[in-house]
Amino acid sequence: MAVQDGEIVRVVVRFKRTGSGDIVNRYYWQYSGVGDSDQDIQTNVVLKVNEMYDNFYGQLWSGLDPFDIKADVVDWLDGKETTVRTVFVTSWTMTNAPSGGTDSMPPMDAAIINYRTLRPQTFGRKYIGGFLESVQNGGDLTSAFVTQLEAFVVDHLVDIITTNGTMNPGVLGKTFNVIDHFWPFLEGVVSSLVGTQRRRRANRGA
């Protein structure tokens, strides 16, 4: 099958964390083009994900196991995010595996990135967990780690180039009186403070 013009692709990346469950992040891209095969989408999405995470692999706890990447075409139907079909599921081999030490921060602690769109009420937020104690001091992230996270944001905001089109990063948001529920990201801002991610309902969170 193929991803078609205007379709929204949700990408879920998952680490297995030794002894304490998973670390999961969701990303959304909207495809523009004349159509690309699922395999082409997989190849280019995996390249993009690895490019993003390669910015700070050395600050991730070595007990993290990059496990899998799953992509689905999704839409906002009947007031909720709905999976249209699965594009791919693949094991995740990072270009550079997590290579930090063993002094991991607690599972609920995370670096926070806030993404802005043209609609003030619609924004994206990413919680990046699994980093080392050494990249924070008294609840403040070190300037070196903030710089690495900012490089992650720069890579994230650059469109994915496929064989026949592009994929623009953004967020699928609940909006009223509009047809298009996808909002492209304009910028991302890294918080200098260590954040805390609570357990969420299904289909909620980063």
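The values are calculated or read from the model by the stated rules, or taken from the named source; none is laboratory data. Bear in mind the structure is a predicted one, so any value in this text is a computation, not a measurement. Positions of Cβ are backbone-derived with ideal geometry, glycine not excepted, and every protein chain shown enters the neighbour counts.
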Residue check, D40 surrounded by fewer than 18 Cβ atoms within 10 Å (Cβ to Cβ), at pLDDT 95 or above and either within 26 Å of Q136 (Cα to Cα) or not aromatic (F, W, Y) (or both): yes
Taking I113, is it farther than 16 Å from R14 by Cβ, surrounded by fewer than 18 Cβ atoms within 10 Å (Cβ to Cβ) and modelled with pLDDT of 90 or more? no
Looking at segment 108-142, which of its residues are in a loop (DSSP other than H, G, I, E, B) and of a type in the set (S, T, N, Q)? T117, Q121, T122, T142
Here is a list of conditions, (1) at pLDDT 95 or above; (2) more than 23 Å from G173 (Cβ to Cβ); (3) crowded, with 18+ Cβ neighbours inside 10 Å, and V89 meets all of them except one; can you say which number that is? (3)
Considering segment 54-71 alone, what residues qualify as being touching an Asp or Glu at 6+ places or on another chain (Cβ under 9 Å), more than 20 Å from T86 (Cβ to Cβ) and either part of a helix (DSSP H, G or I) or touching a residue at least 60 places away in the same chain (Cβ under 8 Å) (or both)? N55, W61
Among the residues of segment 39-92, the number that are among the hydroxyl-bearing types (S, T, Y) and in contact with a strand residue (DSSP E or B) (Cβ under 7 Å, 6 or more places away or on another chain) is 5
Residues of segment 63-83 being more than 26 Å from A2 (Cα to Cα) and surrounded by 18 or more Cβ atoms within 10 Å (Cβ to Cβ), which ones? L64, P66
Those residues that are part of a strand (DSSP E or B) and not small (G, A, S), I need them from segment 1-19; list them, please. V3, I8, V9, R10, V11, V12, V13, R14, F15, K16, R17
Checked F145, F176 against criteria (over 23 Å from Y31 (Cβ atoms), at pLDDT below 90, aromatic (F, W, Y) and not in a strand (DSSP E or B)); the one match is F176
